[in-house]
1. Would it be correct to say that E132 is over 19 Å from the mean Cα position of the chain (by Cα) and among the acidic types (D, E)?
2. Check whether at least one residue in the range 28-37 is part of a loop (DSSP other than H, G, I, E, B) and within 20 Å of L72 (Cα to Cα), and report yes or no.
3. Of the residues in the range 102-135, how many are out of contact with any strand residue (DSSP E or B) (no Cβ under 6 Å at 6 or more places or on another chain), in a loop (DSSP other than H, G, I, E, B) and surrounded by 17 or more Cβ atoms within 10 Å (Cβ to Cβ)?
4. What's the number of the only condition in (1) under 26 Å from G60 (Cα atoms); (2) in contact with a Phe, Trp or Tyr (Cβ under 8 Å, 6 or more places away or on another chain); (3) buried (at least 16 other Cβ atoms within 10 Å of the Cβ) that T196 fails to meet?
5. Would you be able to tell me the number of residues in the range 159-179 that are at negative phi and more than 14 Å from the chain's Cα centre (by Cα)?
6. Of E137, E169, which residue is more than 19 Å from G65 (Cα to Cα) and either out of contact with any Gly (no Cβ under 6 Å at 6 or more places or on another chain) or of a type in the set (D, E, K, R) (or both)?
7. Name every residue in the range 148-157 that is in contact with a helix residue (DSSP H, G or I) (Cβ under 6 Å, 6 or more places away or on another chain) and either touching a residue at least 40 places away in the same chain (Cβ under 8 Å) or within 19 Å of S119 (Cβ to Cβ) (or both), in order of residue number.
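Please treat every number below as a calculation from the coordinates, not as lab data. These numbers were taken from a predicted model, which means no experiment stands behind them. When we count neighbours, we look across all protein chains shown, and the Cβ atoms used for this are built from the backbone with ideal geometry, even at glycine.
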Amino acid sequence: MKIIGIILRDYEAKNGGIVYGVRSYLIEKLKKYNVSIMCIPFDFENDKKIDTTLIDKCDGIILPGGKVSHELDDKIVKYLYDIDKPTLGICLGMQLIGRNFNNHDIIPVCNHQKESNYSHYITIDKDSLLYEIIGEENIKVNSLHSFCIPNTKLYVSARSDDEIIEAIEDKRKTFFLGVQWHPELLDDKNTDKLFTYFINKL
C-alpha cells in the first residue's frame with residue numbers, strides 16, 4: 001500500500017498555544033482511496049533544517065491548506081522538488097510551491113473567500129497536465145483563500161475569471177502540482193480524477 005505524507009500545519013489553540021495538526025476532512029477524503037496516511041510534524045519555529053526521515057518513507061506528499069507559513073516550508077518544497085517526490089499542494093500548499101518559483105511572496109487577494117462549495121469557475125489550460133487529468137476546460141470550484149501568488153516560473157495551468165492563479169505545475173516532474181481550491185471538500189468527478197491520478201503516480 002502506498003504511503004501519502006501530509007505536512008502538519010500549526011494552529012492556535014484555545015489557550016493561546018500552538019498545536020500541530022491536519023484538518024479531518026483531508027484525512028476522510030484520503031480514506032476513500034487505497035493508501036496509508038502518515039502525518040509529518042515539524043517544529044517550524046525552532047528547526048533550522050528539515051528532518052527528511054519521514055518524508056523519505058512516503059511515496060508522495062500533500063502540502064495542505066492553512067493560515068501560517070514559515071521559511072522551513074520553503075526548504076520542504078525545494079527538497080520535494082529536487083528529489084522528484086510526487087507532491088500535491090492545496091491552497092496554502094500551492095502558494096508555498098508558487099513562491100519558491102517567483103520573485104515575490106504570497107500577496108492578499110479580495111473576494112475569494114466564499115462559503116459556497118462551488119463559488120466560481122476556473123479556466124484550465126489545454127496544454128496542462130491538469131487538463132489531461134480533468135478533461136474539461138471550465139470547471140467550478142470552491143474558494144476559501146485570502147492570499148494568492150502574483151506570478152510564478154512554473155506552468156500556470158488554471159486561472160479564475162479575474163486572472164488569479166488557480167493551479168500550477170511542472171510537467172518535467174513525476175507529479176508536482178498545486179491547486180488553489182480545496183478539492184478535499186468537494187465530492188465530484190473532478191476531485192476523484194485529481195486524487196486518483198496523484199495516487200497512481202506514487
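1. Numbers: over 19 Å from the mean Cα position of the chain (by Cα): no; among the acidic types (D, E): yes.
For E132, the condition - over 19 Å from the mean Cα position of the chain (by Cα) and among the acidic types (D, E) - is not met.
2. no
3. Number of matching residues: 2.
4. (3)
5. From the range 159-179, those at negative phi are 159-162, 164-179; that's our starting set.
Checking which are more than 14 Å from the chain's Cα centre (by Cα) leaves us with 159-162, 164, 171-174.
Total satisfying the criteria: 9.
6. E137
7. Within the range 148-157, I149, T152 meet the criteria.
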